[in-house]
1. Test residue 492 against the criterion of being surrounded by fewer than 18 Cβ atoms within 10 Å (Cβ to Cβ) and touching a residue at least 40 places away in the same chain (Cβ under 8 Å), and give yes or no.
2. Say whether the condition of being crowded, with 19+ Cβ neighbours inside 10 Å, touching a residue at least 60 places away in the same chain (Cβ under 8 Å), touching a Lys or Arg at 6+ places or on another chain (Cβ under 9 Å) and of a type outside the set (Phe, Trp, Tyr) is met by at least one residue in segment 508-524.
3. Out of 396, 455, 365, which single residue is farther than 30 Å from residue 483 by Cα, of a type in the set (S, T, N, Q) and touching a Phe, Trp or Tyr at 6+ places or on another chain (Cβ under 8 Å)?
4. Among the listed residues 577, 600, which satisfies the condition of being touching a Lys or Arg at 6+ places or on another chain (Cβ under 7 Å), crowded, with 22+ Cβ neighbours inside 10 Å and not basic (Lys, Arg)?
5. Tell me, please, whether a residue that is closer than 20 Å to residue 410 by Cβ and free of Cβ contacts under 8 Å to residues at least 60 places away in the same chain can be found in segment 531-547.
6. So residue 579 ticks every box in (1) within 27 Å of residue 312 (Cα to Cα); (2) assigned to a helix (DSSP H, G or I); (3) in contact with a helix residue (DSSP H, G or I) (Cβ under 7 Å, 6 or more places away or on another chain) but one. Which box is left unticked?
7. Do you know which residues across segment 228-287 are surrounded by fewer than 20 Cβ atoms within 10 Å (Cβ to Cβ), modelled with pLDDT under 50 and assigned to a helix (DSSP H, G or I)?
8. Which of the numbered conditions does residue 559 fail, given that it passes all the others? Conditions: (1) more than 20 Å from residue 409 (Cα to Cα); (2) modelled with pLDDT under 90.
Amino acid sequence: MPDISSNNAKVPKPRTKTFTGCWTCRDRRVKCDEEYPHCRRCQRNGWACKGYDLRLGWSKIPGRPSHRRKLRTPVPDVDYGLSSAAVTALLVELDECSGDGCGHERGPFSVFSVFSRPETHDANHVHLHSLEGVLRTQHAEDTRRISGLINSPVGDRDGELASPRPAWDGLSSTTPPSPSEFREESCTGLSKSNYRVDDISINAVAHIIHSKNPNNRLLEPNDYSRPVSNIYSNGTTIWDSMSPLTLPRAETELVHHWVVFLSGNLLLIDTPDNPCRTVFLPLALKGLDASPTESNIHLSIFHAICASSAFSLSYLHHDSRYHSIAVHHDQLALHHLRGSLQRARCLDEPTLAAVLTCVTAEGLSGRRSRWRAHVAGCLGLLENEVHGEWIRSPISARMIQSYLSLSSLCSFPVPKRLMPLLNGPSDSHHYLEQSHGITTPLIQCLDQITTLVESRTQLSIEELDQLELQIYLNFPSPSNPNAPGSIIVQHALNSFYYATIVYFRRSLRGARLNDVQDLIEKAIHELESVDALTRDNGGHPYNWAGFVIAAECERSDLQDRMLAFFARKSRHGIQNINVLSEIVQALWNRRAVAGSHVDIQWQDIAREADFDIMLV
């Protein structure tokens, strides 16, 4: 009699290859022979084999369990519900426990000493649920902020891109500026962000840990030879001692670019006492010890430096992500500068440095019009401080020389009471020459010409002759012929001298273009000499001379030489140079269309909103 039980037993069905075959066989729920690169079943039936690539999908229902059979032995699944940010925070805290000889446990992690028995848990550890609550809130805010940026279109070169908020912006505890405060800085979106939500949340953990020590003690010189555990034996940790502004890799890259590249390219001669490194950067780093809850002028300098570097990197690498970072730091610099001025309402050395760095950021960005607010506003504040003691210091004197020369070249007449400050102390007469390729007498002549042009004052022939003679008598020469780079300085001064004569003849004498082409050719030769001598070592004087010379070119061969000159100068990473080249070409085109009987001045096109660019 047959065994009925054996007939009723379920025979194990062999597992098909549907779950591991090609995607075509999976979709059709048939067995796949898994032949590479295309399965034989698809080829035999004439199907398009979709291959074996990995596919990822998101379930619409959170927490929905998988219906696929688990072929491995199940193990207890302990879910601590920790995000990567919380894991980082716990590991950081456990790192702090090293050296105390005790064992510690934080969530799924633990440490113990090999020289002692495990001890009880530290009663002062971070409360996990509270930390997760803070991180979850921060994560949600950052997600909402970034989700609106990822799908936004990239603006054009002149637009300002909104940027993800870095975790260490110095304003995390303050109310952001109202839209009316930043109405000039209206932003468009960013299509590609190089910040991730997880990174911001991780930085938020560091901010929570950092808040335990508001003093922000930095490493002392004698600390570098001591173990880390000994340096912070007073109860602080390495995370407590570091300012949040030093943590993000992005800001470190920007400061590096400022020190090793921009500082040498913003000035004509890169000397050991380059103020970009010896003045502005130390003032900026003082902001690392500032409270993040209030405006600080040193933080304004820091963010302006970061904005300058990011604008430069954006131009050099054609990367919109750097532009987004630049706009964000630029807004923070303006916020701190505005808050500091509202509180102090006076000008001092750090404030002047902040204005100059903000102006530098404008020049590197190539933006229109907004630079005027910085130049005009600081000019009025400086006039009120003409008798202040701080302006007599060597550092302040050099910054004032840079600022007043910049103002004059931007067609802002320098008040007579400020003109003596252009000379500076006796030991800084060479500063304008080495840094910007200009002399004080030429600045004074240029300021006088600009005042006459703007006021439309009619001068007699005798008065014009006297002014022209004054220009000729001020032929420049380096105050220190034996200084390094004196040949470069001489060529730069010569180009500026010829540009000043051309400016005088065209603006006050009414000379025609063909009457100044000989001077233009001489000036171009001087510019090319400076460029040839400084090609491998930075070297960048004020843009004013190059712009005026290019604007008055009439011959096609001279125009080609100036276009090549502007193209070579793009290596400095300064967007203003590219914009000036565009303005010059627009001027040439207008003259070509209007004909030789119509005299179009470069001042006419520079006054238009689309060409209101800073000429330095």
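1. no
2. No, segment 508-524 contains no residue that is crowded, with 19+ Cβ neighbours inside 10 Å, touching a residue at least 60 places away in the same chain (Cβ under 8 Å), touching a Lys or Arg at 6+ places or on another chain (Cβ under 9 Å) and of a type outside the set (Phe, Trp, Tyr).
3. The unique qualifying residue is 365.
4. None of the other options fit; the residue is 577.
5. Scanning segment 531-547 turns up at least one residue that is closer than 20 Å to residue 410 by Cβ and free of Cβ contacts under 8 Å to residues at least 60 places away in the same chain.
6. For residue 579, the exception is condition (3).
7. 228, 229, 230, 231, 238, 240, 241
8. Just one mismatch for residue 559, condition (2).
The values are calculated or read from the model by the stated rules, or taken from the named source; none is laboratory data. Remember, predicted model here, so these are calculated numbers, not experimental data. All Cβ positions, even for glycine, are placed from backbone atoms using ideal geometry, and neighbour counts span all protein chains on display.
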